[in-house]
Amino acid sequence: MKKTVLLSAIIFFWTAAATGAAPMRAPLDDGMQEYPFPDSLAIVTDTLGQATLTAVRRTEIIPSQTLRGEQLKRLGSNSVTDALRYFSGVQIKDYGGIGGLKTINVRSLGSQHVGVFYDGIQIGNAQNGTVDLGKFSLDNMEAVSVYNGQKSDIFQSAKDFASAAAFYMTSRRPVFTDKNYNFNFKIRTGSFDLIDGSFTWDHKISESISTSVNAEVMNTSGRYKFRYSKTGPDGGGYDTTEVRRNGDVFSIRAEAAVFGKIRGGDWDAKIYFYNSDRGYPGAAVKEDYGISLLNEDRQKDRNIFLQSSLTQTVSKSYSYRFRAKYSNDYMNYVMPPESTVQPMDNHYWQQELYFTTSHLFSPFYFWHINISADLQWNSLDAKGSDMFNANFIQPRRITGLAALATSFNLDCGLDLQASLLYTYVHDMGKRKDIEPAKDKNIFAPAAVVSYRPWKKTDLTFRAFYKKIFRMPTFNDLYYVQAGSRNLKPEYTDQYDLGIAYRKGFAKGVFAGIEASADGYYNTVKDKIIATPTSNQLVWTMVNLGYVEIRGVDVSLAPSFRFGEVGITARLSYTFQKAQDFTEEKKGGDFGPGVEDHYGDQIPYVPVHSGSAVLNCTYRTWSLNYSFIYTGERWMLGGNIPVNYIQPWYTSDLSLAKTFSLPHGMELGAALDVNNIFDQQYEVVKWYPMPGTNFRLTLSLSF
């Protein structure tokens, strides 16, 4: 309670200070840059553009991908994971249905190595290290971005340096024209008995202060038909149609924010609320495997966070930023007797208190230095079975981070960056009879170089190296009968070498083109994996894994204009060899019948994958076609027939039209048809995805 009051006081102080300051145009938000390309360009690859933030030249020299504004709408995506499918080098794990878990994996490093940020502040999960992206809607989103390594902008918190890859969600900031308010109401319906309604209300209080409120209510049965087949060892089997059950979701999401402008900067404060009750559809395996199609697991979530930010340019040589956040998360997971031999009704409570400060110094116009420091406190409390209550340590964690970064932007076209991150972790437990994990002190460096040989030609060569780690989660360390307090962090080494080209044309049919290619080599050492002990019912977490990833990401984005008709395209392809070279596994004894899979492709990573997006606009009409391909993959730890997962592809089509109404109102209508060829596929083995489905959206704005 005291921590909540303290954070509220900080936000109140910032707000009070900001209201009395003179207004000034706020700097661009993190990762947001303006380009001279036509607005119809479907996807922007933020690699070469330049923008000014606090009088500092910023050049994106680390490979990144961004979708923003109208570009998101044209894809017909409703959830964050739908949009991420179009990024190269990104794999999404989707456990089937609207209610299924959805996580992101970038360049095969693992979802726990991907930092997920909302308006510049990381969304944490100290319990298991993953963020369910299915909880986030695009309704109030201005942009989504994926960064390999880290952002090129060094003016950031220490947390921004602390992930192998980063996914940024930037919420919409209100923009006013000739009136002091904006209102948008949207309703959707479609397959799976979907009913989804949302609204946004922006209000301009003064020239320096504005507010925004966004809320959404969604309900769906999550039921859809899918084909199910099995071939037994004797060649016999069956092929039938089943209905995906227990995928229903009822959720409420609400956000309220205050935005302010001060001389040389801006501030904001936001509160976020999410509540859901959902079924978790189980694996679609017949009962002869010992598992039923009729999974009855349920999960309830309640997530609340309050965060605030203040950024100001004091002079040409100094800028600062303060950010703070408090989050309170609750989850109830129920496994009834109908779906398991060991019923479960567990409750989890997580709290996080986070504060960061960053200071940017510019001794010369070409040299910039950033010093940032973060302090974070996490707690996890749980209540469940008697055994769970008796043995759970109720962990607490204090994390201190400090980062020193510098960049040189030379007139010869050479950009250099380097950073060093220090992390200190101290774990505690409410149970004094159980010893927590030992303290950890870790240094992690990164270096980036970019060279643009010709000033008049937007061609850039780039390279970066980054060594980073991910801390063991509370589950890794303390989960009953599985956790190990002696776990070391997982370390990753990333090497990237790439080339990017961008060109725009003011006249003619050809409006512009973007192209990029990156080759990379990554390693993951001391990978945390679960291994059985002498008792097959009791497993433990150990550092055994070693993975090497070699890959190539290629993208091409041309755009054309034919009078009032605009056509844009985006083609992306990814090649990845992500192999398990765990020495201990080679010839090791992991139980009877377990084969040696040394050097095999790691689970769920395709060797080949790609996407194609084609968008056509004419006045107030927009037509969008999207194609996604994922090659063959394997589940579990071996590339053997029983683990094989077939390639899959989907084609989606969307048509949108806007109508002008009296008094400045605008009516929008959109029809999205997904998986138009009714492809039967699985992203995760035994978790079938929907066939052909549709969504109709109506919106009213004024």
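Derivation of every value follows stated rules applied to the coordinates shown; laboratory data play no part. The model shown is predicted, which means the values in this text are computed figures rather than measured ones. When we count neighbours, we look across all protein chains shown, and the Cβ atoms used for this are built from the backbone with ideal geometry, even at glycine.
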Handout entry: Placed amide H near Arg172: partners under 5 Å, 5+ positions off or other chain
Key = Met141, Glu142
Completion exercise
Lys and Arg at +1, Asp and Glu at -1: neighbours of Tyr348 with Cβ under 9 Å from its Cβ sum to -1
Completion exercise
Note, the stretch 129-138: 3J(HN,Hα) by Karplus (6.51, -1.76, 1.60, θ = phi - 60°), whole Hz, Gly/Pro = x, goes x, 10, 10, 7, 6, x, 7, 10, 9, 8
Fill in the blank from the handout: Env charge @ Pro688, Cβ radius under 12 Å, K,R +1 / D,E -1, value +2
Practice task
Determine, from the Cβ-Cβ distance of Leu698 and His663 and an R0 of 25 Å, the FRET efficiency 1/(1 + (r/R0)^6), rounded to the nearest 0.05.
Solution key: 0.85
Fill in the blank from the handout: Placing each pseudo-label 7 Å from Cα in the direction of the beta carbon, Gln646 and Trp621 end up separated by a distance in nanometres of 3.6
Exercise for the section: May I ask you to order 497-510, 186-199 by the average number of other C-beta atoms within 10 Å around their residues, highest value first? Expected result: 186-199, 497-510
Problem - Sequence-distant residues sharing a close amide H with Gly512 (under 5 Å, placed H) - result: Phe505, Ser559
Practice task
Figure the gain on full extension for Asn328 and Val217 (residue separation times 0.36 nm, minus the Cα-Cα span) and round it to one decimal in nm.
Solution key: 37.9 nm
Handout entry: Burial ranking of peptide ranges 242-250, 111-119 (average Cβ count within 10 Å, highest at the top)
Key = 111-119, 242-250
Fill in the blank from the handout: For Lys225, counting only lysines whose alpha-carbon sits under 18 Å away and dropping same-chain residues fewer than eight positions off, the answer is Lys286, Lys685
Fill in the blank from the handout: Which of Lys325/Lys383; Lys300/Lys430; Lys102/Lys186; Lys73/Lys204; Lys102/Lys300; Lys93/Lys488 exceed 19 Å between C-alpha atoms? The answer is Lys325/Lys383; Lys300/Lys430; Lys102/Lys186; Lys73/Lys204; Lys93/Lys488
Exercise for the section: Rounded to the nearest 0.05, what FRET efficiency do Arg302 and Lys488 give with R0 = 35 Å and r taken as the Cβ-Cβ distance? Could you check? Expected result: 0.55
Exercise for the section: For a quick protection proxy, order the peptides 145-153, 375-383 by their average other-Cβ count within 10 Å, most packed first. Expected result: 145-153, 375-383
Exercise for the section: Rounded to whole Hz and in sequence order, give me ³J(HN,Hα) for the stretch 199-211 from the Karplus expression 6.51 cos²θ - 1.76 cosθ + 1.60, θ = phi - 60°, writing x for Gly and Pro. Expected result: 8, 9, 10, 10, 9, 9, 6, 8, 5, 10, 9, 9, 10
Completion exercise
Simple spin-label estimate for Phe183/Leu414, 7 Å along Cα→Cβ, in nm, reads 5.9
Exercise for the section: If a/c stays under 1.5 just call it rounded; otherwise compare a/b with b/c (prolate if a/b is bigger, oblate if not). Do that for the stretch 373-530, with a ≥ b ≥ c from the square roots of the Cα gyration tensor eigenvalues. Expected result: prolate
Handout entry: Segment Arg550-Asp277, extension gain: residue separation times 0.36 nm, minus the distance between their alpha carbons
Key = 94.2 nm
Handout entry: Estimated FRET transfer efficiency when R0 is 22 angstrom, pair Tyr465-Ala373 (beta carbons, to 0.05)
Key = 0.40
Exercise for the section: Return Leu401, Leu661, Leu459, Leu421 ranked ascending by Cβ neighbour count within 10 Å, so the fewest neighbours appear first. Expected result: Leu661, Leu459, Leu401, Leu421
Exercise for the section: Taking amide H positions as placed in the peptide plane 1.01 Å from N, state which residues far from Val684 in sequence (5 or more) or on other chains have amide H under 5 Å from it. Expected result: Asp94
